[in-house]
Amino acid sequence: MDALKLITTGGFTIYVLILCSVLSIAIILERYFYYASRSRIRRAAFMSHIKKELEKNDLEGAVKFSKEKNTPFSNVVHAGLSFARHTEKEISNNMERTIVVETNLLEKRTTIVGTIGSTAVYIGLFGTVLGIMRAFNDIGTAGAGGINVVMNGISESLVCTAAGLCVAIPAVMAYNYFIKRIDNFITDMELCASETMDLVKAKAK
């Protein structure tokens, strides 16, 4: 059975699943490249450079360097260093606000993929139920059962179930991958915030 025949046999639920699949793939690709662009440098190497700049008493150079990198943890460090002449409480608050903002950007649209992953199976099962109802209706209309009578209904049931799984499995896998990447980003941001506070304190002494 070719793709067009599968779509025709599956009924309208197939079109819903195709829409979910296209949306899921688009978000997965967008998030993947977004995360790749935001993880171009390593936290350890970045913080080592910041430390060297501060040891030379070049706060402006450290601020400029952190702004140029444009990664989640570099933005947190920039938020802290740009407030280096303020109180420790203000520095900490500014970095915490930046962590919240960056986390929201990292989580953007990921819930859509998670929702598709958790609901696509049920959409497929809904198509299965409709297919079974259609099969029984065909039996009642024909007045007798038989493979030719119920074939279309059963085919629709199987196609919808398979399509639901095909959409759900990649979406769930991608969502779990996103959650892991976001956790890693958050860990880096929190570590950088802690290191930045220590460096600012040491510089103030």
Problem - Derived scalar couplings ³J(HN,Hα) [the stretch 165-181; Karplus, 6.51 cos²θ - 1.76 cosθ + 1.60; whole Hz; x for Gly, Pro] - result: 5, 5, 7, 6, 4, x, 5, 5, 4, 5, 5, 5, 5, 4, 4, 5, 5
Handout entry: Euclidean distance between Cα centres, the stretch 162-205 to the stretch 46-94, Å
Key = 20 Å
Exercise for the section: Calculate, axis by axis, the spread of Cα positions in the stretch 72-130 along the three principal axes, and write the results as whole Å, longest axis first. Expected result: 67, 17, 9
Handout entry: Size of electric dipole in the chain: Cβ of Lys, Arg +1 and of Asp, Glu -1, about Cα centre, debye, nearest 20
Key = 620 debye
Completion exercise
For residue 108, the residues 5 or more places away or on another chain with a placed amide H closer than 5 Å to its own amide H are none
Practice task
Compute the Rg to Rh ratio over the chain from the alpha carbon atoms, using the Kirkwood formula for Rh, and round to two decimal places.
Solution key: 1.31
Problem - Positive-end residue of 199, 19, 166, charge dipole of the stretch 3-204 with Cβ unit charges - result: 199
Handout entry: Positive dipole terminus of the stretch 3-204, leading residue within 45, 116, 177 (C-beta point charges)
Key = 45
Completion exercise
For residue 108, counting only lysines whose alpha-carbon sits under 24 Å away and dropping same-chain residues fewer than eight positions off, the answer is 67, 69, 180
Practice task
May I ask you to evaluate 6.51 cos²θ - 1.76 cosθ + 1.60, the Karplus curve with θ = phi - 60°, for each residue of the stretch 80-87 and list the ³J(HN,Hα) values in order in whole Hz, giving x for glycine and proline?
Solution key: x, 5, 5, 10, 4, 8, 9, 6
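Values quoted throughout were computed directly from the atomic coordinates according to the rules given, and no laboratory measurement underlies them. All values derive from a computational prediction rather than experimental measurement. So basically every Cβ, Gly included, is an ideal-geometry build from the backbone, and we count neighbours across all protein chains shown.
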